[in-house]
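The values are calculated or read from the model by the stated rules, or taken from the named source; none is laboratory data. Note that the coordinates shown come from a computational prediction; the quantities given were computed from them, not determined experimentally. All Cβ positions, glycine included, derive from the backbone under ideal geometry; neighbour counts span all protein chains shown.
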């Protein structure tokens, strides 16, 4: 039997985040202001073909699930990346050594700027509204953050983890991730995350926090086929 996390986007957009979904019964994507993630209901030709209608002009959609998919008719492969999916059943409490601040709409511009600079993964104008985010400020400037993204039954994704280049090496990312993950666990949910399979440094950090490997995952981005 397939695990819910094998197809996290479809299972999020048909459950806890269905209110953010665009599309129909065969394929759905998250609203463009929130992200680029999309999924088909299954791998039938009819469902895969429905993905084409979800691709914005000049843009892409991102498929995140076990196994690569072949671009359906009317689309073309823009990028494909190998990821590891990690989950945590327990995250030890730790001292942050700094004040953790809740982030929200008032911080949206700074959050987008930090994510654009550091590229922790797709981050859009309203990505911060997908879940709770926390951050750290130095001299009033946002220098690190972490938060939540995909939500499905019993699981919440830790995402948007980034630190300004001038403030790296101080443990900020790990400390903020610990806060986010422990809050998820306190709600009787399991935190999970995605990381580039080749990013051994990040994987070591996540494992040190209590995350462990669950599955290989492929990120496939599709664009409209050129005429």
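Among the residues of region 55-68, those that are surrounded by fewer than 21 Cβ atoms within 10 Å (Cβ to Cβ) and either in the same structural domain as residue 122 (by TED's automatic domain parsing) or within 19 Å of the chain's Cα centre (by Cα) (or both) comprise 59, 60, 66, 67, 68.
Under 23 Å from residue 31 (Cα atoms) and not assigned by TED's automatic domain parsing to the domain that holds residue 34: does that describe residue 110? Taking the combined requirement at face value, the residue satisfies it. Here region 5-43 is the region considered, the condition is being within 19 Å of residue 218 (Cβ to Cβ) and part of a loop (DSSP other than H, G, I, E, B), and the residue that is modelled with the lowest pLDDT is 43. For region 176-212, taking the residues that are farther than 19 Å from residue 89 by Cβ and touching a strand residue (DSSP E or B) at 6+ places or on another chain (Cβ under 8 Å), the one that is surrounded by the fewest Cβ atoms within 10 Å (Cβ to Cβ) is identified as 198. The sole residue among 83, 77, 114 that is in contact (Cβ under 8 Å) with a residue 40 or more places away in the chain, out of contact with any helix residue (DSSP H, G or I) (no Cβ under 8 Å at 6 or more places or on another chain), surrounded by 13 or more Cβ atoms within 10 Å (Cβ to Cβ) and part of a helix (DSSP H, G or I) is 114.
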